[in-house]
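Just below is one structure, and these are the notes that go with it.
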Amino acid sequence: MPPRLPARLLHARGKITAARHVAARHLDHAFERLATAHLPLVAASPLLDALRASPEPLALPGLARRLPLRLHRRGALHFLRIFPRVFHLRAPLPLSLSLTPAAAALLDVAASPTDAARALQRLLAMSVSRSLPLRAVFRVWRELALPDDFEDSVVAGHPHLFRLAPNPAEPNTHILHLVVDPATEDFTPAVEKTRPDRYAFKLQFPPGFRLTKEYRKKVKEWQQLPYVGPYEVVSPRAVGSKRVSKLARRKMEKRAVGIAHEFLSLTVEKMVEVEKFSQFRKWFGIEVNVRDVFLDHPGIFYLSAKGKRHTVFLREAYGRGKLVEPNEVSEARSKLVELMLLRRHGLGNANSSANMTSGATADARESGGGLCEHEDCLLDESKKQEQ
């Protein structure tokens, strides 16, 4: 890991690389353990979605070819055997795959249509144009606990709230519009529930974080700085202007913090990949680098780089590595993570018939003999967590 940078260099954006900026952050081991525990579930998500959508077991050869990611350097079959409490391999050859009853029950837990519509309505209300590309919403449907068929069950099911229209900028794509005026809705930002003072955010710095006198002064000044809330209308002058004063830049940054805080509050587990949030940057009118926003406010957010992906957590939503206010969906996902962390412990030769039938040769054949790409360290990271 690159050496930790002096605090005075953290604001010199032009003098350090993005990688060094991330490496210089103060580590919070509670969040690092949480991010590590989720890695196998993140890797398996495309497979879980495919199995949920199928009423019958799926043939493994065809399923492996449909997967967007190579799950492990030893092949997809090796990955599946490690998690017998989640995946059920069926022999004889060709192998087929289904979810275990326990995993299927946990994956069926979803938010109510009313809650899903409310979350989507709030997401659109944060957009400057009160609209978002449908493909961007698809990228975060799981984080928002939207149903698999939310385009039909939520969007089409609430025509008084949402409207789909062709995207004039990109053929064969759609824009999702908010029909109602957000000003008529009671959209109170989540920060208002814990705000210690006007314009301020609740701060919870990681253990061992050094709060110097100069840093405390800067934080106090920033907390008192007014900003435009996530649901307030932004004037055209405030968006797209490159020549701004230092004070205006700080206000833009604070507005970005407010939007990110509200976005994370809408998610089920109060966490999201930075890349997924960044796709909304233009639509939310954010004019600053979102990764720097997360790194520069360690009392509000925590950014983890586990699994070669950047995941940001809303710090105030967690206590001792768990959600302070869990919900039905988050609890189901937490139990699914626990099933994956158990691996084969206590099961002996689980799926032994499939193992004996397939053997090492099938490992390479079913997986296409491919090596994983950026997911190749997921199992190793998970294994270290157990130790």
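We did not get these values from a lab; they are worked out from the coordinates using the rules stated. All values reported here derive from a predicted model rather than from experimental measurement. We place every Cβ from the backbone using ideal geometry, glycine too, and count neighbours over all the protein chains shown.
Observations, loosely collected:
- Residues whose amide H comes within less than 5 Å of that of residue 203, counting only those at least five positions distant or on another chain, are absent (H built at 1.01 Å from N in the peptide plane).
- Theoretical gain in end-to-end length, residue 156 to residue 32 [0.36 nm per residue, Cα-Cα removed]: 40.7 nm
- Rg over Rh [alpha-carbon atoms, Kirkwood Rh] for the range 167-274: 1.02
- For the pair residue 203 and residue 218, label points projected 7 Å from Cα toward Cβ lie 1.1 nm apart.
- Alpha-carbon centroid distance for the pair the range 317-347 / the range 133-158, whole angstrom: 24 Å
- Taking 0.36 nm per residue of separation and subtracting the Cα-Cα distance, full extension of the segment from residue 308 to residue 282 would add 6.9 nm.
- Full-stretch length increase - residue 105, residue 181 - with 0.36 nm per residue and alpha-carbon distance subtracted: 23.6 nm
- P(r) tail, the range 237-327: Cα-Cα pairs separated by more than 19 Å, 40% of all pairs.
- Other residues with beta-carbon under 10 Å from the beta-carbon of residue 179 carry, at +1 per Lys or Arg and -1 per Asp or Glu, a net charge of +1.
- Cα-only Debye scattering, the range 133-196: base-10 log of I(q)/I(0) at q = 0.17, 0.18, 0.26, 0.27 Å⁻¹: -0.75, -0.82, -1.17, -1.19
- 3J(HN,Hα) from dihedral phi, the range 140-146, Karplus parametrisation 6.51/-1.76/1.60, rounded to Hz, x for glycine, proline: 10, 4, 6, 5, 8, 6, 6
- Environment charge of residue 347, counting only residues whose C-beta is closer than 14 Å and scoring Lys/Arg +1, Asp/Glu -1: +4
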